1. Gln118 to Ile169: extension gain in nm, 0.36 nm per residue of separation minus the Cα-Cα distance?
2. State, to one decimal in nm, how far the label point of Arg279 lies from the label point of Ser264, with both points 7 Å from Cα in the Cβ direction.
3. Take the alpha carbon gyration tensor of the stretch 80-175, find the square roots of its eigenvalues, order them as a ≥ b ≥ c, and report rounded if a/c is under 1.5; if not, report prolate when a/b exceeds b/c, else oblate.
4. Residue farthest toward the positive end of the dipole of the chain, with Cβ of Lys/Arg at +1 and Asp/Glu at -1: which of Val287, Ser269, Gly116?
5. As an exercise, use a Förster radius of 45 Å and the Cβ-Cβ distance of Ala286 and Val206 to find the FRET efficiency, rounded to the nearest 0.05.
6. Share of antiparallel DSSP beta bridges in the chain, in percent to the nearest 5?
7. Pick out, in residue order, every one of the GluC sites (Glu not before Pro) in the stretch 207-237 that is DSSP loop and has at most 15 other C-beta atoms within 10 Å; say none if there are none.
8. Setting aside same-chain residues fewer than 8 positions from Lys163, which lysines have a Cα under 25 Å from its Cα?
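Bear in mind these aren't lab numbers, they're just calculated from the coordinates by the rules spelled out. None of these values were measured; they are calculated from a predicted model. Cβ placement follows ideal geometry from the backbone for every residue including glycine, while neighbour counts extend to all protein chains displayed.
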Amino acid sequence: MQLGLVGLGRMGGNMRERLRAAGHEVVGYDRNAELSDVASLAELADKLESPRAVWVMVPAGVTDATIDELAGVLGEGDIIIDGGNSRFSDDAPRAERLNEQGIGYIDVGVSGGVWGKQNGYALMVGGAQEHVGRLMPIFEALKPEGEFGFVHAGPVGAGHYAKMVHNGIEYGLMHAYAEGYELLAASELVTNVPGVFKSWREGTVVRSWLLDLLDRALDEDPELAELSGYTEDTGEGRWTVDEAVRLAVPLNVITASLFARFASRQDDSPAMKAVAALRQQFGGHAVHKR
Ligand SMILES: O=C(CO)[C@H](O)[C@H](O)COP(=O)(O)O
């Protein structure tokens, strides 16, 4: 099958290779001419036979601009797929705009990171059955081998919603391993912290791919001495917590792990300064001065 692919960075570039290895004809476009197969979106559209399917794999901030530009060179019967980490609430308005031109829209949550090229990408898909059905050969080539790794989660927006929750879970899981790491490292008894994590990779209740990756990181740097704890976020955790507030769902762990990232960016917590000041005020308790 033919596919246009817009955005050939770490994710898109690897997806192009996986699709080509499976025998699909991929025409890729990237603003970086060294990565691109064509010079413009117009040329990409020209190279594809109608009805066309074009997968957009760009950073969340530029998705709408990219889709609008793409819609200008596509037409009736074509389909645009957004595989980036868009907020699910952006999907329905996009689908409505495209529908006015007769262009279909599918949202896909893609998980697999830089390992997806070899292991496959787990795909969480939202959209109309008639559009999803047309893209099945592409989904089959991208997904991991085996029974799992693909879901048509519901109508437009459901794919990104599923990916948002997946990423919220990712925050919580990572943070639980991280807290376990800190406690083991603080312990007077355990002398081989990396060894404990390594041993957990088989047979334990807590084995997982994230655990495997933490073991890998500890192999490279057993005390994580090269890293600062400052941890960024790109929005999915915040959207998950926003949804939890909207629906009054108690997301204790995921919310705490998101807030832990915010705390990681503070040199000295203003809130904890206030707590120290209050203890001093009401009880004359000692404080540490700068
Ligand atoms: O989708 C992903 C993994 O599943 C991305 O790596 C994820 O967006 C990273 O999110 P954050 O920067 O908020 O930790």
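1. Numbers: separation 51, 0.36 × 51 = 18.36 nm, distance 2.35 nm.
Using 0.36 nm per residue and subtracting the Cα-Cα distance, I get 16.0 nm.
2. 2.6 nm
3. Since a/c reaches 1.5 but b/c is at least a/b, the shape of the stretch 80-175 is classed as oblate.
4. Selected residue: Val287.
5. Working: r = 40 Å, r/R0 = 0.88.
The calculated FRET efficiency here is 0.70.
6. Given both bridge residues lie in the chain, the antiparallel proportion sits at roughly 20 percent.
7. Numbers: sites: Glu220, Glu223, Glu226, Glu232, Glu236; in loops: Glu223, Glu226, Glu232.
When the GluC sites (Glu not before Pro) of the stretch 207-237 are filtered for loop state and at most 15 Cβ neighbours within 10 Å, Glu223, Glu226, Glu232 remain.
8. Result set, ordered by chain and number: Lys117, Lys143.
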